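Encoded as structure tokens, the structure appears first; notes follow it.
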Amino acid sequence: MLKVSRFLWVSHNFLRLAAGYLFFLDQRGTQSSKWSSGCLSSISSPSLLETHASYKAVDGIGKIFFTLSISMASLFLGIHIGTTLLPLVPKLRPPSGVVRYVVPIISVLVYGATFPAYFCLSASFRHQATAALLFSFPGTLTRYVLSILLNPRSEVLPVGTLVANEFGTSLLAMFHALQGLRPPVSPGACSILQGLDDGYCGCLTTVSTFVSEMRVLGSRKGLLYGTISIVVGQVLMVLILGSAVWAGGVSSQISCTPIL
């Protein structure tokens, strides 16, 4: 049992390293909601490949394929490195009762510190530095609660993760539509929308858990789960953001300036 725990610890940490590298390589590809948004942007952008509409479709499908492929590759990389280094990891003792109480308290205090930090930092960059942190914890908590409540209800699909990803995609589409309004919203409102976009939706949705669950489900169920997630996400993007852009009242690009 202890050996299995060490394996999971090593695998999970190297998976985090691989996912973290991909996050900095392409931040927009590590969130399910922004993944869907990027695919819709490729297909519907009027400035991209105007002469051949089929090229837009290929670009959007390519984003789906490569994002999924790179995410799966990072998962297997983390498992492989974790398995290789397992013999080198010392035996770990379970954390004491004091540590179990202290760590959550510190986490809450650190999150609480983001509020004064946001208002004390310079208005020229605080929307980029801390706006997302204001909404990160609620997004993470929402996904956790959805997973705990809904995943046990079905043995076919992880309903909690599916609902979290699609709900986050819907919110992101709505936030993008609000940021693209003509005339644009105020700089303060734009900063909050950007914080909700990067912080709440970024922590609510996930690609890493999505591909991990696809692998656990196996070929048939994994393919079904992946197809439902991608198709529903794209449909929601088209209905919410696409319809607003095509109606002419919203720009496909952000029209506001997130500076207070």
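The values are calculated or read from the model by the stated rules, or taken from the named source; none is laboratory data. Quick caveat, the model's predicted, so the values are computed rather than measured. Note that we place each Cβ from the backbone using ideal geometry, even for glycine, and neighbour counts take in every protein chain shown.
Residues that are touching an Asp or Glu at 6+ places or on another chain (Cβ under 8 Å) and under 18 Å from Leu146 (Cβ atoms) within region 167-182 comprise just one, Leu172. Screening Ser170 against (1) farther than 27 Å from Met214 by Cβ; (2) surrounded by 14 or more Cβ atoms within 10 Å (Cβ to Cβ); (3) among the small types (Gly, Ala, Ser) leaves a single unmet condition, (1). Within the bounds of region 141-156, is there any residue that is of a type in the set (Val, Ile, Thr), in contact (Cβ under 8 Å) with a residue 40 or more places away in the chain and closer than 30 Å to Ser252 by Cβ? Within region 141-156, one or more residues are of a type in the set (Val, Ile, Thr), in contact (Cβ under 8 Å) with a residue 40 or more places away in the chain and closer than 30 Å to Ser252 by Cβ.
Could you say which residue among Ser136, Ser170 is in contact with a helix residue (DSSP H, G or I) (Cβ under 9 Å, 6 or more places away or on another chain), farther than 27 Å from Ile105 by Cα and either outside any loop (DSSP other than H, G, I, E, B) or among the small types (Gly, Ala, Ser) (or both)?
Working: Ser136 fails: farther than 27 Å from Ile105 by Cα.
Answer to the check: Ser170.
When Glu155 is tested against the conditions (1) under 20 Å from Leu204 (Cβ atoms); (2) outside any helix (DSSP H, G or I), the lone failure is (1).
When you look at Gly222, is it touching a Lys or Arg at 6+ places or on another chain (Cβ under 7 Å) and at pLDDT 85 or above, yes or no? Spell out how you get there, then give the answer.
Numbers: touching a Lys or Arg at 6+ places or on another chain (Cβ under 7 Å): yes; at pLDDT 85 or above: yes.
So Gly222 fits the description; yes.
In region 171-184, the residue that is nearest to the chain's Cα centre (by Cα) out of those that are closer than 17 Å to Phe135 by Cβ and touching a residue at least 40 places away in the same chain (Cβ under 8 Å) is Leu172. In this structure, is Thr140 buried (at least 20 other Cβ atoms within 10 Å of the Cβ) and among the polar types (S, T, N, Q)? Answer is no for this residue. Set side by side, the residues Val159, Val232, Val250, Val211 differ, and just one is buried (at least 21 other Cβ atoms within 10 Å of the Cβ) and over 30 Å from Thr114 (Cα atoms), which is Val211.
Going through region 214-229 one residue at a time, which ones are surrounded by fewer than 17 Cβ atoms within 10 Å (Cβ to Cβ) and either part of a helix (DSSP H, G or I) or touching a strand residue (DSSP E or B) at 6+ places or on another chain (Cβ under 6 Å) (or both)? Passing the criteria: Arg215, Val216, Ser219, Arg220, Lys221, Gly222, Leu223, Leu224, Thr227, Ile228. Working only within region 78-97, note down all residues that are in contact (Cβ under 8 Å) with a residue 40 or more places away in the chain and either within 16 Å of Arg215 (Cβ to Cβ) or in a helix (DSSP H, G or I) (or both). Once the filter is applied, which keeps residues that are in contact (Cβ under 8 Å) with a residue 40 or more places away in the chain and either within 16 Å of Arg215 (Cβ to Cβ) or in a helix (DSSP H, G or I) (or both), region 78-97 yields Gly78, Ile79, Ile81, Gly82, Thr83, Leu85, Leu86.
Can you say whether Ser107 is more than 25 Å from Gly78 (Cβ to Cβ), small (Gly, Ala, Ser) and exposed (fewer than 13 other Cβ atoms within 10 Å of the Cβ), as far as the supplied structure shows?
no
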